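The values are calculated or read from the model by the stated rules, or taken from the named source; none is laboratory data. Here the structure is a predicted model, which is why all the values come from computation and not from measurement. Here the Cβ positions follow ideal geometry from the backbone for every residue, glycine too, while neighbour counts run over all protein chains shown. Ligands, DNA and RNA are excluded from the accessible area calculation, which covers all protein heavy atoms including side chains. Shrake-Rupley method; radii C 1.70, N 1.55, O 1.52, S 1.80 Å.
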Amino acid sequence: MKVTVVGAGAVGATCADNIARAALCEELVLLDIKEGISEGKSIDMMQTATLLGFNTKIIGSTNDYGKTAGSDIVVITSGLPRKPGMTREELIGINAGIVKGVAENILKQSPNAIFIIVSNPMDTMTYLALKATGLPKKRIIGMGGILDSARFKCYLSFALGCSPNDLNAIVVGGHGDTTMIPLIRLATWNSVPVTNFLSADQQKQIVADTMVGGATLTKLIGTSAWYAPGAAGAALVESIVRDEKKLFSCCVSLEGEYGQKDICLGVPVVIGKKGWEKIVDYKLDAEEQASFNKSADAVRNMNDVLKSL
Ligand SMILES: NC(=O)c1ccc[n+]([C@@H]2O[C@H](COP(=O)([O-])OP(=O)(O)OC[C@H]3O[C@@H](n4cnc5c(N)ncnc54)[C@H](O)[C@@H]3O)[C@@H](O)[C@H]2O)c1
């Protein structure tokens, strides 16, 4: 098993670190365009091998795609992160060119790889990767909903005073401050609806906090967060490598599911060794479906911007 992570910045390096620690592959390549950064971080990570007890060989590469050849999974994190006050959507101009170029280079070396897209605006970058590579849709997975769902569970656990691991909760729709939809109606605490334990105001606050979860951290840190995004990317890699068939909210190509087509958007999917295997229909109620449609409209508008770049 060989995994490549493109972009050795905050998210890419954290994702690679998590992949190595969990010993998910024999070979892990970290590639970046900035001279030396991926080689340096790879050696630093290799030097944790005896401390953490893994055997993964980690190889750094400054833009040499030859080293990525034959990868089974590629995680694309290259591109600018947002600064405080920015939306993810504002990154489209620069990141579209980066993601397209990277996806094409990767494809030449690893025609059978499963792609995980992290770069923002992620829904549009996933759509772009799907179109630019022409790969079967099940091999293109956008990472966003899994992170937003982890944030949702975190805020729910604060309010309930419980372990986040006892919660089941999912965020669908776009990966944007105004496009994501935390499905609080369906969230449970060990099978009991969380709505049984939370006032309407508390529920509203948790949903609002989740939606701006990334922006809150960007304001505090001064740049976009990386621990949870890196771990979320690695969790997807793990479900593929170990064929776990975990159900995650991921951005995938819709062809009529959830009432949408010709778009990549966050829905519950089963992740296994072939990529995303099936979309699970959560049977949204009328209000949730209306929010989903609104989210799709916003993402579609962003996808249209690709035509003018
Ligand atoms: N989908 C999500 O849930 C999620 C979460 C967090 C961050 N992000 C996004 O992930 C991306 C990376 O964030 P970060 O915090 O790691 O940023 P960062 O600036 O720390 O790292 C980005 C890296 O990409 C590299 N890069 C730029 N162009 C490249 C190219 N053509 N080829 C190879 N490498 C290239 C840069 O040199 C840099 O090292 C951003 O777009 C950010 O918005 C997405």
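The table that follows gives values for the structure above.
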{"item": "The chain: most fluctuating residue of Ser291, Ser42, Ser149 per GNM, C-alpha cutoff 10 Å", "result": "Ser291"}
{"item": "The range 171-243, relative contact order [Cα under 8 Å, separation at least 6], %", "result": "20 percent"}
{"item": "For the range 156-309, alpha-carbon Rg and Dmax in angstrom", "result": "16.2, 48"}
{"item": "Reciprocal of mean inverse Cα separation for the range 2-130 (Kirkwood radius, Å)", "result": "14.6 Å"}
{"item": "222 nm mean residue ellipticity, helices alone, for the chain (DSSP H n ≥ 4; -39,500 (n - 2.57); rounded to 500)", "result": "-13000 deg cm²/dmol"}
{"item": "Angle in degrees between helix 92-109 and the longest Cα principal axis of the chain, rounded to the nearest 10", "result": "50 degrees"}
{"item": "Simple label model, 7 Å out from Cα along Cβ direction - Ile221 to Ala159, nm", "result": "2.4 nm"}
{"item": "On Cα atoms only, tilt of 37-46 relative to the major axis of the chain in degrees", "result": "90 degrees"}
{"item": "Unit charges on C-beta of K, R, D, E only; dipole of the chain, Debye", "result": "300 debye"}
{"item": "Probe 1.4 Å, protein heavy atoms only - accessible area per residue of the range 102-240 in square angstrom", "result": "39 Å²"}
{"item": "Average Cα contact separation per residue, the range 165-309, under 8 Å, 6 or more apart, as relative contact order %", "result": "22 percent"}
{"item": "For Val29, residues with placed amide H under 5 Å, excluding near neighbours", "result": "Val3, Thr4, Val5, Ile59"}
{"item": "Directionally averaged shadow of the chain, computed from the convex hull of its alpha-carbon atoms, nm²", "result": "15.1 nm²"}
{"item": "GluC sites (Glu not before Pro) lying in DSSP loop within the range 8-72, provided at most 12 other Cβ fall within 10 Å", "result": "Glu26, Glu35"}
{"item": "Contour minus Cα-Cα distance for Thr62 and Ala298 (0.36 nm per residue)", "result": "81.4 nm"}
{"item": "14 Å Cα-Cα reach of Lys100 towards aspartates and glutamates, excluding residues that sit fewer than 8 places from it in its own chain", "result": "Asp123"}
{"item": "Helix 227-241 vs. the chain, principal-axis angle (Cα, 0 to 90°, nearest 10)", "result": "80 degrees"}
{"item": "Overall form of the range 144-231 per C-alpha gyration tensor (a/c, 1.5; a/b vs b/c)", "result": "prolate"}
{"item": "Non-local Lys pairs in the range 147-304, i.e. 8 or more apart or on different chains, that have alpha carbons under 20 Å apart", "result": "14"}
